[in-house]
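The values are calculated or read from the model by the stated rules, or taken from the named source; none is laboratory data. Computed from a prediction, not measured in an experiment: that's the story for all the values here. Note: ideal-geometry Cβ built from the backbone for every residue, glycine included; neighbour counts use all protein chains shown. Note: accessible area is taken over every heavy atom of the protein model, side chains too, but ligands, DNA and RNA are not part of it. Shrake-Rupley method; radii C 1.70, N 1.55, O 1.52, S 1.80 Å.
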Amino acid sequence: MRIDVLTLFPEMFHGVLNESILKRAQETGIVQVKLINFREYATDKHRTVDDYPYGGGAGMVLKPEPIFRAVDHIKESAATKPRIIILTPQGKRYTQQQAEELAKKDHLVLICGHYEGFDERILTLADDEISIGDYVLTGGELGAMVIIDSVVRLLPGVLGNEASPEEESFSTGLLEHPHYTRPREFRGMKVPDVLLSGNHQKIDEWRRKEALRRTLIRRPDLLEDYPLTEVEKRWLEEIRQEEEK
Ligand code: ADE
C-alpha cells in the first residue's frame, strides 16, 4: 500500500512512523508512507498556504492552489486512482469498519488541515471527509496518524502471529473479553478459575459471555447493531440479572 500525507508539519509523524509495528511494516515494504509538505507547492515568494477568510472573521483559511497542485502531482505518479481523504472535525466519524474498508485500497492520500479550515473548494478533491472524534484538534495530523495506524495493522503480514484482527473489539461488533497472564494471584486479585481449567469449550463460552457483559455495561449502543444468537440472548438475560444483584 502507498500512503501519501499532505501536511504542513511532517515532523509530527516521525515518532509514530519510526517505532514498532509501523516501522517494521515500512521496512518490509508492506506500506510506503510519504510525507509531503504542501508548502512546497505554493508558487509565490513567501510560499503562502493560507489567507484571510472572505466575508471576514477570525483565523486563516487554507488556500486551494498548493493542495490542488500537490494532489495533481501525486496523481501523475499514481499507478491506480488513489482514495483521497481530508481530515476535518466536520467529517464522518471514523470507525473500525472504515479502517477495514481503507485497508483494501492500494493508495491513500491523507490531507491534513491546520488553522481555521479549508477553502471549501479543496473539499471537492476528497472521496471522504473523516473526523476521528467529536472534539477539535489543532490540525488533521493526529487524525491522519490514527488512520495510518489503524489501517496498516490490518494489512496482511503486518501483525504476524501477534494478534488476529478479526477477533478484536469492534471487528466482532462487541468489546473484547478480559485478558489475564501470570501470576495467578496478584495483590489479592485472582485469575478466574475457568481460564486455568484447560477446558477450551468452557473458556470460549466464558470469553464470549464476558465480551457481552462488557459491551452491555460500557457500550450498550453497540448491541443495537449486533445480531444476537439465541444463546447470546439467553446469556444477556443472565448477565442482566447478575448485574442487578
Ligand atoms: N482536525 C481537527 N480536528 C479534527 C478531528 N476531530 N478529526 C479529524 N481532523 C481534525
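Bridge orientation summary for the range 77-163: considering DSSP beta bridges with both residues in this region, about 10 percent are antiparallel.
Ignoring ligands, DNA and RNA, what percent of the 1.4 Å accessible area of the range 113-245 is carbon and sulfur? The partial results should precede the final answer.
Working: 4260 of 8820 Å².
The nonpolar share, carbon plus sulfur, comes to 48 percent.
Nearest-5 percent of antiparallel DSSP beta bridges in the range 1-147? Don't skip to the answer; put the middle values down first.
Numbers: 3 of 26 bridges.
Approximately 10 percent, going by the DSSP bridge assignments.
Can you give the percent of C-alpha pairs in the range 129-245 whose distance is more than 23 Å?
Numbers: 3385 of 6786 pairs.
Tail of P(r) above 23 Å: 50 percent of Cα pairs.
Among rounded, prolate and oblate, which fits the range 40-150 when a ≥ b ≥ c are the square roots of the eigenvalues of its C-alpha gyration tensor, a/c under 1.5 means rounded, and a/b larger than b/c means prolate? Oblate, since a/c reaches 1.5 and b/c is not below a/b.
Determine, for each peptide in 141-153, 232-244, the mean count of other beta carbons within 10 angstrom over its residues, then list the peptides with the highest first. Could you put the intermediate results ahead of the total?
On the way: 141-153: 21.2, 232-244: 12.6.
Per-residue mean Cβ counts within 10 Å order the peptides as 141-153, 232-244.
Out of the DSSP beta bridges found with both residues in the chain, what percent are antiparallel (nearest 5)? Restricted to the chain, the bridges split so that about 20 percent are antiparallel. Cross-link partners of Lys105 among lysines, defined as those whose alpha carbon lies under 29 angstrom from its own and excluding same-chain residues fewer than eight positions apart: Lys23, Lys34, Lys63, Lys75, Lys81, Lys92. Taking a straight line from the alpha carbon of Lys45, these aspartates and glutamates sit under 20 Å away, with near neighbours fewer than eight places off in the same chain left out: Glu65.
Residue by residue, the range 103-108 carries 3J(HN,Hα) couplings of 5, 8, 7, 8, 8, 10 Hz when phi is fed to the Karplus relation 6.51 cos²θ - 1.76 cosθ + 1.60 (θ = phi - 60°); x denotes Gly or Pro. Taking 18 Å as the straight-line reach from the Cα of Lys190, the aspartates and glutamates in range (excluding those fewer than 8 positions away in the same chain) are Glu210.
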